[in-house]
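*Asks:* I have a structure I would like to understand better, so I am pasting it below and will then ask my questions one at a time.
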């Protein structure tokens, strides 16, 4: 969920204002970093759980490629939508330093089966030798961003135009670029377990479930064939069937 609450410690609150939430699901980590309790922290993300706390605490957060930041449970993954781990920190240089150090010194691919064996390629962030083509939007067809976020996007757009880049409004409602369809696929994927694992953990400890948790009901559960039929786009299914 996009909040952080449990029955033991109750509500995780915002580092700026204890009357507000810290976001989630990595909201405790976000609040700790936001309160400068540490230089950098690691959150986990499957639908915004690094990005939401970063936004609510005024932090830099990165939801990287799957496997880029190692997770200990790599051998037991069974997700249609795989989770990722990523840093939360106060500035871009800390984020870059963390990612570079992890990839070069830690070599996560030596103990993480899903980690790409690639160093942190800082040169890819160098000033491009040609204008970039960048799309932006304020409304993804499901909801419109809040006015402060819209103002921030507009400032970024103006800065990119001033830097000579080709910036254009992205049509998030067109059939070929539909965010609503992407959201439908994401929900089908994250609810595919039907909430069984979540309910089993709650029952194991004799705890009630938490209202608002996006876990799914029995009617959401998918078997393997349904997962391919419902999640995959028709073009993807055709590629699978043709062996491509």
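*Asks:* So, in the stretch 210-244, of the ones that are outside any helix (DSSP H, G or I) and at pLDDT 85 or above, which residue ends up farthest from residue 24 (Cα to Cα)? Spell out how you get there, then give the answer.
*Replies:* We begin by selecting, within the stretch 210-244, every residue outside any helix (DSSP H, G or I); these are 210-217, 221-223, 232-233, 242-244.
Subset that is at pLDDT 85 or above: 210, 221.
Values: 210: 14, 221: 24 Å.
Among those residues, the one meeting the criterion is 221.
*Asks:* May I ask you to list the residues in the stretch 125-149 that are surrounded by 11 or more Cβ atoms within 10 Å (Cβ to Cβ) and assigned to a loop (DSSP other than H, G, I, E, B)?
*Replies:* 128, 131, 132, 137, 138, 140, 141, 142, 145
*Asks:* Could you list, in sequence order, all residues of the stretch 83-117 that are out of contact with any helix residue (DSSP H, G or I) (no Cβ under 7 Å at 6 or more places or on another chain) and exposed (fewer than 14 other Cβ atoms within 10 Å of the Cβ)?
*Replies:* 91, 92, 93, 101, 104, 105, 110, 111
*Asks:* Sticking with this structure for a sec: Where residues in the stretch 209-224 are within 19 Å of the chain's Cα centre (by Cα) and under 14 Å from residue 7 (Cβ atoms), which of them is surrounded by the fewest Cβ atoms within 10 Å (Cβ to Cβ)?
*Replies:* 212
*Asks:* Please go through the stretch 25-48 and give me each residue that is touching a residue at least 40 places away in the same chain (Cβ under 8 Å) and farther than 15 Å from residue 86 by Cα, ordered by number.
*Replies:* 36
*Asks:* Give me a count of the residues in the stretch 39-48 that are within 16 Å of residue 22 (Cβ to Cβ) and out of contact with any strand residue (DSSP E or B) (no Cβ under 9 Å at 6 or more places or on another chain).
*Replies:* Final tally of qualifying residues: 1.
*Asks:* Out of 49, 2, 63, 25, report the one residue that is touching a helix residue (DSSP H, G or I) at 6+ places or on another chain (Cβ under 7 Å), under 29 Å from residue 205 (Cβ atoms) and assigned to a loop (DSSP other than H, G, I, E, B).
*Replies:* Result: 2 is the single residue among 49, 2, 63, 25 that is touching a helix residue (DSSP H, G or I) at 6+ places or on another chain (Cβ under 7 Å), under 29 Å from residue 205 (Cβ atoms) and assigned to a loop (DSSP other than H, G, I, E, B).
One line per residue, one yes/no per condition, for (1) under 15 Å from the mean Cα position of the chain (by Cα); (2) exposed (fewer than 15 other Cβ atoms within 10 Å of the Cβ); (3) touching a residue at least 24 places away in the same chain (Cβ under 8 Å):
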residue	(1), (2), (3)
7	no, yes, yes
12	no, no, no
20	no, yes, yes
23	yes, no, yes
50	yes, no, yes
53	yes, no, yes
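*Asks:* Which one is modelled with the highest pLDDT among residues in the stretch 150-178 that are over 17 Å from residue 134 (Cβ atoms) and part of a helix (DSSP H, G or I)?
*Replies:* The residue in question is 151.
*Asks:* I want to confirm something. Restricting to the stretch 169-208 and keeping residues that are surrounded by 14 or more Cβ atoms within 10 Å (Cβ to Cβ) and over 22 Å from the mean Cα position of the chain (by Cα), which single residue is farthest from residue 139 (Cα to Cα)?
*Replies:* 202
The values are calculated or read from the model by the stated rules, or taken from the named source; none is laboratory data. All values derive from a computational prediction rather than experimental measurement. Note: ideal-geometry Cβ built from the backbone for every residue, glycine included; neighbour counts use all protein chains shown.
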